[in-house]
Structures are given as structure tokens and as C-alpha cells.
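Engineer: Take this structure, written in C-alpha cells, and hold onto it; I'll ask about it next.
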Amino acid sequence: MSAKAISPRPKPPKQQSLIKLALAVIAAVIIFNIPHSLLPVFTESLSQATPPPEIQNLLAGKGRIVTVGDSITEAGKYPGGYVWLLQRYLNALYPDSKIEVVNAGISGNKASDMQARFQKDAIDKQPDLITINAGVNDVWHAFFDFQKLQFHPQGNLAAGVSLAEYIDKITKMVQAAKTAGIRVALLSPTPIREILDGPENRRLQEYVVAMREIAKQNQCLFIDLNAPFREVISTYQKHAGKTLNLLAADGVHPNPSGYRIIAFTILRGLGVPAQDIENLQVKNSN
């Protein structure tokens, strides 16, 4: 260092303390104003409670869940979708267990389509648990002609699946899984458009009731997705009218809010305590 160079003077201790305090305040302000989606994945420590009986077998080692369904399930693989959320919620809740969630949803599928591919797409994957979500297309396609883009209020189009056939196909899938020693969770269909008293949803209730009865007769799990959707939609419409879809952009395929209800309801149906999952946050990215 040359003779003319001047060494910087150290800041007085009091000034250093003030700087540190100011930086701490700024950091706190930034953290509390970051959107939740950008925060670390978990907002609080996880429960150490014993895993619920319905999924204890999944947690003993490497477990696998296969989700059978239609476009609601197929699109559920993307960030924010219910299959995507299930994988991340289970990773968070049970980090020591290697649970794999396999998406077996195919757009446009009805119960008849799912039953036709059930062996290959579900049983042959050798899962510990299969979830089946069917019914939306079975009813919707009876009311709407997708080629002519015409609505048929009588719901008599041949493209739909009758209640009798629906019961037969769902029952066959459940019994095939039971024969293979695989647990099943039946997931009731979510509403068709958000006109809850419309003809599609009036008929859809018959399919929900039928699915519940199949689960009862075959001693498998029934998780009602339809009820929480109806509850949320009806409450919203009471205060905001019926002209805006709340949980599905097109009235059928869930948006992130709808998918979050599905994922939360499935976990609760599997026996995961609400307090373990109600404050979990996940990033909408891979």
C-alpha cells in the first residue's frame, strides 16, 4: 500500500448494529411479502402421528398408487393438478417412504373404457392402491354432442353410459382389483358445469349414489369429491351469483382451486389428519 493510500476506517460498533438491524427488517419485509407459491415447500413441521390404516401398507416400503380416470385425472399430472399434488403431499408427509403415484387417466374415458384397459393400465402396474374416478363423461356425453356442439336437455344421446352399465363396469373393476389383492378407493365424479340444479347434475347424483353403494357392497373405500365441490360452489353462488365458474374454467375440468380440493379430499379420505395437510404449501413447478 502506498504512503498516500488511506485505509478505510472501521465503522463504529453502534453504526454496525444499526446496519444489521436495518438489514434484518428489510429481509423480514421481503419474506412476508413473497407469494406463498415461492416460499419453501412446507410452512410448518409435519405431524409425527402414526400413519392412517388405509395407507400404512404403502408406507412400509416402496408403495405405488395408480389413479384411473378420464381427462380430469390425465391433466392432473401437470403442476397444480390433483395427481401432481398427491405425489408432493405424500412426499412431504412421509419423506422416509418411497410412494409413487402413477397417472392412468385418459381423456374422454367413461367407465366402460376404463374397465376395458383396467388390467393393463392398473392391475399390471402391481400397485398397493388404485383410485377410480369415473362418471363425468358417462353422463355428460349423454347430454352434449361434441361433434355438432349441441346440448340435448333430455340426455338421451347414445354416447353416454347408462346407469346400469356404469354399475356393471365399476363393479368389475373393483372385483378385479380385489382378486389381485389390491385396495381400491372409488372417487365420485365432480359436477358437470357449475349449474348444480341442471339436468346433468341431477342425473349425476344417481351415479354418485350408485358408486357409494358399490363401495359398500364390496367393502372398499368411497371418497366423495362431488359433495365438497357442490358445497363450495353453492356457497360462492349464494354471494356472487351463478354467472362465473369458480372451480373449473369450462365448468368441468378443474382449475388449480378445484384440483386442490380433490387432492385434499382424497388425502382426508385415506385417513390423513386435516391438521397435517391444511397448511402444506407446494410450488407450482417441478
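Engineer: Give the shape of segment 174-286 as rounded, prolate or oblate, defined through the alpha-carbon gyration tensor: a ≥ b ≥ c are the square roots of its eigenvalues, a/c under 1.5 means rounded, and otherwise the shape is prolate if a/b is larger than b/c and oblate if not. Mind showing how you got there, number by number?
Structural biologist: Details: a/c = 2.23, a/b = 1.28, b/c = 1.75.
It is oblate, given that a/c is not under 1.5 and a/b is not larger than b/c.
Engineer: If you don't mind, another one. Quick one: what Rg and Dmax do you get for segment 93-150 from the alpha carbons, in Å?
Structural biologist: Gyration radius and largest Cα-Cα distance of segment 93-150: 15.5, 52 Å.
Engineer: Which cross-chain or sequence-distant (5 or more) residues have an amide H under 5 Å from the amide H of Val184, H modelled 1.01 Å from N in plane?
Structural biologist: Ile130, Leu221
Engineer: Non-local amide H neighbours of Gly63 (under 5 Å, H modeled in plane, Pro and chain starts lacking H): which ones?
Structural biologist: Answer set, sorted by chain and number: Lys98, Ile99, Glu100.
Engineer: What does the charge count near Ala176 come to, summing +1 for each Lys or Arg and -1 for each Asp or Glu among other residues with Cβ under 14 Å from its Cβ?
Structural biologist: Here the charged neighbours net out to +4.
Engineer: Leaving ligands, DNA and RNA out of it, rank Thr171, Thr179 by accessible area with a 1.4 Å probe, largest first. Intermediate values should be presented prior to the final figure.
Structural biologist: Values: Thr171 30, Thr179 125 Å².
Output order, biggest surface exposure first: Thr179, Thr171.
Engineer: Based on the mean of other Cβ atoms within 10 Å per residue, sort peptides 95-105, 258-268, 233-243 so the most packed one is first.
Structural biologist: The packing order, highest mean first, is 258-268, 95-105, 233-243.
Engineer: Now for a different question. Could you calculate the FRET efficiency of Leu149 with Ile195 from 1/(1 + (r/R0)^6), where r is the beta carbon distance between them and R0 is 22 Å, rounded to 0.05? Write out the running numbers ahead of the final one.
Structural biologist: On the way: r = 18 Å, r/R0 = 0.80.
FRET efficiency, Leu149 to Ile195: 0.80.
Engineer: Just tell me which aspartates and glutamates come within less than 16 Å, Cα to Cα, of Lys125; anything on the same chain fewer than 8 places away is out.
Structural biologist: List returned: Glu100.
The values are calculated or read from the model by the stated rules, or taken from the named source; none is laboratory data. Note that the structure is predicted; figures quoted are calculated from it, not measured. Here the Cβ is made from the backbone with ideal geometry for all residues, glycine too, and neighbour counts use every protein chain on show. Quick note on the areas: whole protein, heavy atoms, side chains included, nothing else; ligands and nucleic acids left out. Shrake-Rupley method; radii C 1.70, N 1.55, O 1.52, S 1.80 Å.
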